[in-house]
Amino acid sequence: MSKRLVQAEFNVERDPERCIQCQVCVRQCSNQVHAYDAESDQVTCDEASCVGCQRCATLCPTNALTIKKAPPEFAPDNNWTSDVIQNIYRQAETGGVLLSAMGNDTAKVSWWDNILLNASQVTNPSIDPLREPMELTTFLGAKPNAVELNFDDQGGPSLATKLAPQLVLSTPIMFSAMSYGAISYNAFESLARAAGQYGTFANSGEGGLHKDFWPHGPNMIVQVASGRFGVDIDYLKVAAAVEIKIGQGAKPGIGGHLPGEKVDERISQTRMIPVGSDAISPAPHHDIYSIEDLRQLIYSLKEATRYQKPISVKIAAVHNVAAIASGIVRAGADIVAIDGYKGGTGAAPTMIRNNVGIPIEFALAAVDDRLRQEGIRNQASVVACGGFRSSADVVKAIALGADAVYIGTAALVALGCHLCQKCYTGKCNWGIATQDPYLTRRLNPEIGARRLVNLLRGWSHEIKEMMGGMGINAIESLRGNREHLRGVGLSDRELSILGIKAAGE
């Protein structure tokens, strides 16, 4: 007799006095947790299938449902926790690789929470952003070492130095790479619309750009990844910038996989692969085995786009990230994007997500330091990504050395994501990480774009408030200004790597 040892992750509590058997929960749950028994005229629950997405509880008209994390039924043990035991049970039953999604949920420290911001007081007056102009405009791209000016007959200046192509952001926040396939058509459209409406950029991810989204090209960054999905000359020309994806924070050193059952007609057209075939990204680019090889690809893309678009290179935050970033800048990249340890994804092996890479805080500080020491910091912009949760995280990252940040999970949460971390199943009840037409329709892209614009607006207002409190009226004055940061509860070694002082110094 075989016994299933894996326990239900969530308890589904139904109040029989409130439940009116309307079956909303039955219709809304893609995991088939709820079922209607006509004979007894009762709705029953299969708790083992619940992923904790809260869709049923949110839409229940009588508030009859409560979804709670199931308490562990194991003896307390700090080493052999319930999660560890359950994972071993799962692999013993399936022989498969454990998968996770939506960033890292382990209890490791978030160093942003141990960094505090400075504020102006008597000797350096603060600035009121409601009454004085605050500049958040951000330029991403290579900057010259010096500029020359021309002056007309009236003494009016004009720029004589030819600048490299720049991305111009109204706020130092962009939407990170999430491909159509990993997320739904409506989720992708929401991101693309919001980027255009607020004057920033969304990233296509490694799955190409469907022609329906080409009108959003002026606010899109497209990727050239190891699988080269969807890459052709028109794809490169339609976008504002091109990003070579080497790695990502949730799974450094490995490739990606979109199952064939998700590859419908539209995704087939987007990725340029047959309907129903798996989209497997190799771990390495098979034409990149050195910085010299990377330089060839960077300049091939610059040639293809007639030197009119910035070329970015995205890497995962790893232990020699500073040296790698230096090589990338010297290879001709205009932007270096660094994705940290807590970065999100649609699917990643759990053990890799939890144990490979380093936090973005340390990677960012190391890269900024190295580029400054080598005198090449102006030759490329640095974009940080991986677990940014609030405007305060953004401000701290810029003070630590970033030019701008990518947000991914925060953007999906704004669309309604409840972080059930089961994106890889394709059964997202909120219409975000799914290709099921019935589920996708649950996300209205017009409403989604409005929510994302509201998020950007709210964060931008808060950034201005924090800058004003520091006595700073332009984002340029904050960039790399670590004197505005102080550490709390950090070791001397951590403070040294971050390049900040302890609180009170």
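The values are calculated or read from the model by the stated rules, or taken from the named source; none is laboratory data. Treat the numbers as computed from the prediction; the structure is a model and nothing was measured. Note: ideal-geometry Cβ built from the backbone for every residue, glycine included; neighbour counts use all protein chains shown.
Data for the structure
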| item | result |
| --- | --- |
| Looking only at region 231-271, and only at residues there that are touching a strand residue (DSSP E or B) at 6+ places or on another chain (Cβ under 7 Å) and polar (S, T, N, Q), the one that is farthest from Pro359 (Cα to Cα) | Thr270 |
| Residue satisfying condition, being under 23 Å from Ile432 (Cα atoms) and assigned to a loop (DSSP other than H, G, I, E, B), within set Gln7, Gln32 | Gln32 |
| Qualifying residues in region 113-127 (those that are in contact with a Gly (Cβ under 8 Å, 6 or more places away or on another chain), in a loop (DSSP other than H, G, I, E, B) and aliphatic (A, V, I, L, M)) - the one surrounded by the fewest Cβ atoms within 10 Å (Cβ to Cβ) | Ala119 |
| Sole residue being closer than 27 Å to Glu465 by Cα and modelled with pLDDT of 90 or more, chosen from Leu191, Leu130 | Leu191 |
| Index of the failed condition, Thr161 passing every other in (1) without any contact (Cβ under 8 Å) to a residue 60 or more places away in the chain; (2) among the hydroxyl-bearing types (Ser, Thr, Tyr); (3) part of a helix (DSSP H, G or I) | (3) |
| Single residue of Leu149, Leu130, Leu159, Leu169 found to be touching a Pro at 6+ places or on another chain (Cβ under 8 Å), surrounded by fewer than 24 Cβ atoms within 10 Å (Cβ to Cβ) and not β-branched (Val, Ile, Thr) | Leu149 |
| Long-range neighbours under 8 Å by Cβ, at least six apart or interchain, first residue at pLDDT 95 or above within region 399-411, second among the acidic types (Asp, Glu) | Leu400/Glu361; Leu400/Asp368; Gly401/Asp368; Gly401/Asp369; Ala402/Asp368; Val405/Asp393; Tyr406/Asp339 |
| Pick from region 60-83, criterion aliphatic (A, V, I, L, M) and within 31 Å of the chain's Cα centre (by Cα), ranking: farthest from Glu17 (Cα to Cα) | Ala70 |
| Condition met for Glu476 (among the acidic types (Asp, Glu), surrounded by fewer than 22 Cβ atoms within 10 Å (Cβ to Cβ), more than 30 Å from Leu130 (Cβ to Cβ) and in contact with a strand residue (DSSP E or B) (Cβ under 8 Å, 6 or more places away or on another chain)) | no |
| Check on Ala433, under 30 Å from Pro133 (Cα atoms) and in the same structural domain as Phe362 (by TED's automatic domain parsing) | no |
| Residues of region 170-222 classified as within 14 Å of the chain's Cα centre (by Cα) and closer than 26 Å to Asp287 by Cβ, total | 10 |
| Residues within region 473-492 that are of a type in the set (A, V, I, L, M, F, W, C) and in contact with an Asp or Glu (Cβ under 7 Å, 6 or more places away or on another chain), tallied | 2 |
| Any chance Tyr341 is in a strand (DSSP E or B), surrounded by 23 or more Cβ atoms within 10 Å (Cβ to Cβ) and either without any contact (Cβ under 8 Å) to a residue 40 or more places away in the chain or of a type in the set (Phe, Trp, Tyr) (or both) | no |
| Residue in region 355-363 that is assigned to a loop (DSSP other than H, G, I, E, B) and more than 18 Å from the chain's Cα centre (by Cα) present | no |
| Subset of region 360-393 [in contact with a helix residue (DSSP H, G or I) (Cβ under 8 Å, 6 or more places away or on another chain) and at positive phi] | Gly386, Gly387 |
| Residue identified as of a type in the set (Val, Ile, Thr), part of a helix (DSSP H, G or I) and touching a Phe, Trp or Tyr at 6+ places or on another chain (Cβ under 9 Å) among Val26, Val43 | Val26 |
| Residues satisfying the stated conditions in region 433-462, i.e. closer than 17 Å to Pro259 by Cβ and surrounded by 20 or more Cβ atoms within 10 Å (Cβ to Cβ) | Ala433, Thr434, Gln435, Leu439 |
| Hits in region 345-359 - residues which are among the polar types (S, T, N, Q) and either in contact with a helix residue (DSSP H, G or I) (Cβ under 9 Å, 6 or more places away or on another chain) or touching a residue at least 12 places away in the same chain (Cβ under 8 Å) (or both) | Thr345, Thr350, Asn354 |
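The rows are residues; the columns are (1) surrounded by 23 or more Cβ atoms within 10 Å (Cβ to Cβ); (2) aromatic (Phe, Trp, Tyr).
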site: Ala187; (1), (2): yes, no
site: Gly208; (1), (2): yes, no
site: Ile221; (1), (2): yes, no
site: Phe229; (1), (2): yes, yes
site: Asp232; (1), (2): no, no
site: Lys245; (1), (2): yes, no
site: Pro259; (1), (2): no, no
site: Ile267; (1), (2): yes, no
